[in-house]
Amino acid sequence: MGDSAVDVWNRLCDQLRLAGQILAEPRAPKDDTTQAHGLNYLLNLLNSGIELTTMSVDPDHPEIGRPQDATKKWALDCPDALYSSTTIDGAGTYRLRGSPGTPHYLGISVAAGSLGTGRVRGLGNRSKPGDLDVAPDGSFSVVFSPHRHDGNWIETPPEIVHISIRQFLYD
C-alpha cells in the first residue's frame with residue numbers, strides 16, 4: 001500500500017524546511033531584504049514546481065500551464081518570453097491550435113521521459129519562423145501522435161510526453 005496523503009504532505013513540509021535552511025548558512029547574507037528575497041525565490045521555485053509536477057500533468061485532460069511567468073520565477077525569467085507546457089500520453093492523438101498573435105518567435109518542443117531526472121530526450125519541434133506551417137490569418141494546428149498526419153505533425157512514442165511552448169515578444 002502506498003503512503004497516505006498525510007505522509008506525503010509531511011515529507012513535503014520536511015523538504016521545504018530543509019530548503020529554507022539555506023538562508024541560515026554561514027555564507028548567506030543576513031540582512032532582512034536579502035533574506036526576504038531568498039524566501040521569495042524559494043516560494044517561486046515551489047510555485048513553479050507545483051505547476052510542473054501537479055497542475056498541468058494530466059495526459060487524459062491536458063491543459064496548457066505556465067510554469068514560469070511574472071509570479072513563478074526561477075532565475076531564468078525573461079521579460080520578453082512566455083513559457084507554457086502540458087503533458088500528454090504519447091500513445092494518443094492530440095491537436096494544439098493557435099490563433100494569430102504577435103510573437104517574433106513561437107517554438108513548440110516535445111520531449112519524453114521524466115522531467116528533472118536527466119532521462120529526458122527531445123523528440124521534435126516546430127517553430128515560426130521555421131517549419132511551422134501557418135494559415136494566411138496566422139492560425140496554426142499541430143498534431144502530436146504516433147501515427148502520421150498531414151501538415152504540422154510531431155511523432156510521439158507510446159509514453160508520457162511533455163510539450164513546451166515558448167513565445168518571444170521582444171521590441
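Any residue at all in segment 21-34 that's surrounded by 15 or more Cβ atoms within 10 Å (Cβ to Cβ) and either closer than 24 Å to Thr117 by Cβ or at pLDDT 90 or above (or both)? There is at least one residue in segment 21-34 that is surrounded by 15 or more Cβ atoms within 10 Å (Cβ to Cβ) and either closer than 24 Å to Thr117 by Cβ or at pLDDT 90 or above (or both). The condition of being part of a strand (DSSP E or B) and within 25 Å of Ile50 (Cα to Cα) holds for only one of Gly118, Gly107, Gly124, that being Gly107. Just to verify a result, which residue in segment 131-169, among those that are in a strand (DSSP E or B) and among the charged types (D, E, K, R), is farthest from the chain's Cα centre (by Cα)? In this case the residue turns out to be Glu155. Identification of strands (runs of 3 or more DSSP E) wholly contained in segment 50-100 with 2 or more residues that are under 26 Å from Ser139 (Cβ atoms), open to solvent by less than 60 Å² (accessible area, probe 1.4 Å) and among the hydroxyl-bearing types (Ser, Thr, Tyr) yields 81-89. Among the residues of this structure, Ser56 does not count as one that is under 30 Å from Gly38 (Cα atoms) and in contact with a helix residue (DSSP H, G or I) (Cβ under 9 Å, 6 or more places away or on another chain).
Of all residues in segment 1-20, those that are in contact with a helix residue (DSSP H, G or I) (Cβ under 7 Å, 6 or more places away or on another chain) and either at pLDDT 95 or above or not in a helix (DSSP H, G or I) (or both) total 0.
Of the residues examined, Asp60 is not one that is at pLDDT below 85 and acidic (Asp, Glu). Using the structure shown, decide if Leu42 is in contact with a Pro (Cβ under 8 Å, 6 or more places away or on another chain) and assigned to a helix (DSSP H, G or I). Taking the combined requirement at face value, the residue does not satisfy it. So which residues in segment 117-171 are touching a strand residue (DSSP E or B) at 6+ places or on another chain (Cβ under 7 Å), among the small types (Gly, Ala, Ser), more than 21 Å from Ala91 (Cβ to Cβ) and open to solvent by less than 30 Å² (accessible area, probe 1.4 Å)? Residue satisfying the conditions is Ser127 alone. Taking into account only those residues within segment 104-114 that are touching a residue at least 60 places away in the same chain (Cβ under 8 Å) and surrounded by fewer than 16 Cβ atoms within 10 Å (Cβ to Cβ), which is nearest to Glu155 (Cα to Cα)? The selected residue is Tyr105.
The values are calculated or read from the model by the stated rules, or taken from the named source; none is laboratory data. Quick caveat, the model's predicted, so the values are computed rather than measured. Virtual Cβ from ideal backbone geometry, glycine too; neighbours counted across all protein chains shown. Keep in mind that these areas ignore ligands, DNA and RNA; they rest on the heavy atoms of the full protein, side chains included. Shrake-Rupley method; radii C 1.70, N 1.55, O 1.52, S 1.80 Å.
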